[in-house]
Structures are given as C-alpha cells and as structure tokens.
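No value in this document is a laboratory result; all are computed from the given coordinates. Treat the numbers as computed from the prediction; the structure is a model and nothing was measured. Glycine gets a Cβ as well: all are built from the backbone with ideal geometry, and neighbour counts include every protein chain shown.
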Amino acid sequence: EYVGLGGESLDYFVQLVLRDRAGSVALRGHFQSGLDRILERRRKIKNRIREAKARPEADLVEYYGSWLHVAVHMSLRNPKIRTVEDLSLSLGVSRSLVRESIAVLEKIRLIERDGERWRVNPVRHHSGKRSPALRSHHTNWRLAAVRSLDEGGPNDLHFSSVMSIDEKAWNEIKDRLLALVEGTEPTIRSARDETVVVLNLDLFGLGKEHPRK
C-alpha cells in the first residue's frame, strides 16, 4: 500500500518476497517460474494496450491489406475530415481509392455512414503476434517510413542502431521499449484527433543466436 502497488505489479512483488523466503531450492524455483510467467506476459504488446478488442482474423486481413485502409480509418477520427473529398485531399490519393477503402472499413464495421459523411465506430483493436495480417501491417508502415526519409517534415524522427549486447541487456532494452509503448496510451487518449502519425518500433536479432525469452 505504501508504494502504491496493485494488480500485476503487486503479484510480482509478492512472488519476489515468497521466492526470497523460500526454504528450499525446489520451492525457490517454483516461485521463480511464477515471476518468469509474469514477465513473459508483460513482454507481449497486446497485454500493455488497454481497451483493445480482438477481431475476426478475416477482418484483420482486409484491414491491414493496404496502408490506405488504416490511414483512412485514422483520418476519419478528425472531426474536420468526414467526406471522400476531405480524405482525398488530406492523404493525397484519388477519390476512387478512398471509396475502396471506405467500402472495406464499412464492411468490417469500423466506420459507419452519416449521410454523405463518415464517422468512426469507437472500437480499438490489436492484432496478436501470430496473426497472418500482422506481416502486411508491419511491411506497409515500414515502407511508409522509408518514403518519409525523402518526403517527411521537420517533426519526423528516424533512428536505427545496431548493437552487440548480451541477453540481459536485450531483455532490459525490450522492457524499456514496452514501457514506452504503454506510457504513450494516456497521451494518445487525451490528444485531439488532428494529425495521423506513425510509430514503428523494432528490436530484433541477426543470425541464429537469439535470447530464449
């Protein structure tokens, strides 16, 4: 209570205490396994994003099949962008392509018609790591990041770093990045819908030697 722990953080703390008080190697190993399971759950992005709902895989395949579907969906959150013409001008694509994306988004119930205008249904979703749709999603936006190197504005940020590290450092960096992702949630929820921005985040190994966790 004094340090304000609750939920999974409290569970982790209690497991730590029990592990360090364990009177045998076997019991200590039992509590350590519980700690490892908590850490493994925390290292899954979907467990760090609140209010995200699961969607049928077929919907995700359609949604992530084109960068434009996602861009149209996010753009429609802006109250000043509601029509096909608005979207065409904002995204710099033809009206026919915008209409194709709108048809997909309406079909999978992410948007709905309001006369000649469109509005977003207030549902967040997150694609799991094993989803086939995820490859398309990552590929689409990393290609967009490459394009922004030539076309982007002064507020854009690009960073790449290749490191030689050990397993402990790898997991520490991963935990910090996951905490960063989780920490953006309050900012995103409180922000006004004005500009669509993209955050890509990668941490991966080269070669055959990868940490087990």
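Some points to look at:
- Cα-based helix-to-principal-axis angle, 7-21 vs the chain, degrees rounded to 10: 20
- In this Cβ point-charge picture (+1 for Lys and Arg, -1 for Asp and Glu), region 93-195 has a dipole of about 480 debye about its Cα centre.
- Calculated on C-alpha atoms, the gyration radius of region 59-108 divided by its Kirkwood radius gives an Rg/Rh of 0.93.
- Estimated inter-spin distance, N200 and L134, nm [label 7 Å along Cα→Cβ]: 1.7
- Degrees separating the helix 167-190 axis from the principal Cα axis of the chain, which is the longest one: 50
- Where only DSSP H runs of four or more residues are counted, the chain gives -17000 deg cm²/dmol as its mean residue ellipticity at 222 nm, each run worth -39500 (n - 2.57).
- Here's the picture: charge each Lys and Arg Cβ at +1 and each Asp and Glu Cβ at -1 in the chain, and of A71, G153, V61 the one pushed furthest to the positive end of that dipole is V61.
- Rounded to the nearest whole angstrom, the semi-axes of the ellipsoid equivalent to the chain, taken from the Cα gyration tensor as √(5λ), stand at 40, 21, 16, largest first.
- Between L35 and D193, the simple label model (points 7 Å from Cα in the Cβ direction) yields a spacing of 4.4 nm.
- Angle between the chain longest axis and helix 95-107 axis [Cα atoms, degrees, rounded to 10]: 50
- Number of Lys-Lys pairs in the chain with C-alpha atoms under 16 Å apart and a separation of 8 or more places or on different chains: 11.
- Temperature 37 °C, viscosity 0.692 mPa s: under these conditions the Stokes-Einstein estimate for region 148-192, based on its Kirkwood radius over C-alpha pairs, is 244 µm² per second.
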